[in-house]
Every structure is written in structure tokens, then in C-alpha cells.
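Take a look at the structure below.
The values are calculated or read from the model by the stated rules, or taken from the named source; none is laboratory data. Only a predicted model underlies this, so the values are computations on that prediction, with no experimental measurement involved. So basically every Cβ, Gly included, is an ideal-geometry build from the backbone, and we count neighbours across all protein chains shown. Note: areas computed on protein heavy atoms with side chains; ligands, DNA, RNA excluded. Shrake-Rupley method; radii C 1.70, N 1.55, O 1.52, S 1.80 Å.
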Amino acid sequence: QVQLVESGGGLVQAGGALRLSCATSGSIVTFNAMGWYRQAPGKQRELVALITSSGSTTYADSVKGRFTISRDNAKNTVYLQMNSLHPEDTAVYYCNAHLLPRATMVPTAYWGQGTQVTVSL
């Protein structure tokens, strides 16, 4: 069974930094695009950053220059380095991965359980 497990969230003061990790487990044939989304209270879930299998990246305008997404293909893990955090970055952050699981051989999008990031003034 494929699972995504996130870690690294927490409480940080404005201007601080956090690093989120998302580790995948299960029998997976191929890893395609992986990304991070976030959802603040009362708001829709939004894309934060995306990285393709070839390493191309896309960022939301609000995080450009502050956040960096990366992936370690050997560890099947994707990271989000968040610097210069603002209170408006407060949200639940979700990992998303487009994978081909061996069990079904059907391309499927998976979500992690979410990790809370809170940025205080």
C-alpha cells in the first residue's frame, strides 16, 4: 500500500525557517510530479510548489524566492525548505505525489495526511 508521510511542521516566529519532508512508502514503479499544497482556515487548498521527475520546479508567486522544493529520488522523498516565513504562510501543508503503484499499474495521485505550519508574529 502506497503512503506519503510528512514531517517537519511546527511553530516558528516570523522570519524563521522550517523544512518539510514527505517520504513515500510502498511498491512504486515510477515517480512523476511531486508537490506541496497548503490550506489555511477558510481558504481553498492551493499549490505551493511542484517538482517534476526531471527536476523542473514551479512555485506560487507568494513563495518565490523564499521556498525551495527538492527531491531525493534515491530516498523517494520530497522536501520543502521554507525561509523568511510570514504569518500568512500559516496553514496545513500537504504533500502530493503522482505515482505508478506496482499493485495497480494505474497512475494515481496520492496525498499525505498534512502537517501544520504556524508562523507567529
How many residues of segment 47-83 are among the acidic types (Asp, Glu) and either closer than 20 Å to THR30 by Cβ or in contact with a helix residue (DSSP H, G or I) (Cβ under 9 Å, 6 or more places away or on another chain) (or both)? The answer is 1
Residue, surrounded by the fewest Cβ atoms within 10 Å (Cβ to Cβ), within segment 37-66, restricted to residues that are of a type in the set (Gly, Ala, Ser) and within 24 Å of PRO87 (Cβ to Cβ)
GLY42
For the subset of segment 1-10 comprising residues that are assigned to a loop (DSSP other than H, G, I, E, B) and either of a type in the set (Gly, Ala, Ser) or modelled with pLDDT of 95 or more (or both), which member is surrounded by the fewest Cβ atoms within 10 Å (Cβ to Cβ)?
GLY8
So which residues in segment 47-85 are touching a residue at least 40 places away in the same chain (Cβ under 8 Å) and of a type in the set (Val, Ile, Thr)?
VAL48, THR77, VAL78
Residue within segment 39-59 that is under 26 Å from ALA103 (Cα atoms), assigned to a strand (DSSP E or B) and not hydrophobic (A, V, I, L, M, F, W, C) present
no
If you scan segment 71-83, which residues turn out to be open to solvent by 40 Å² or more (accessible area, probe 1.4 Å), modelled with pLDDT under 95 and of a type outside the set (Lys, Arg)?
ASP72, ASN73, ALA74, ASN76
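One line per residue, one yes/no per condition, for (1) assigned to a loop (DSSP other than H, G, I, E, B); (2) of a type in the set (Ser, Thr, Tyr); (3) open to solvent by less than 50 Å² (accessible area, probe 1.4 Å):
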| position | (1), (2), (3) |
| --- | --- |
| VAL12 | no, no, yes |
| GLY16 | yes, no, yes |
| VAL29 | no, no, no |
| LEU85 | yes, no, yes |
| VAL92 | no, no, yes |
| VAL106 | yes, no, no |
If we ask which residues in segment 38-70 are more than 14 Å from VAL117 (Cβ to Cβ) and among the aliphatic types (A, V, I, L, M), their number turns out to be 5
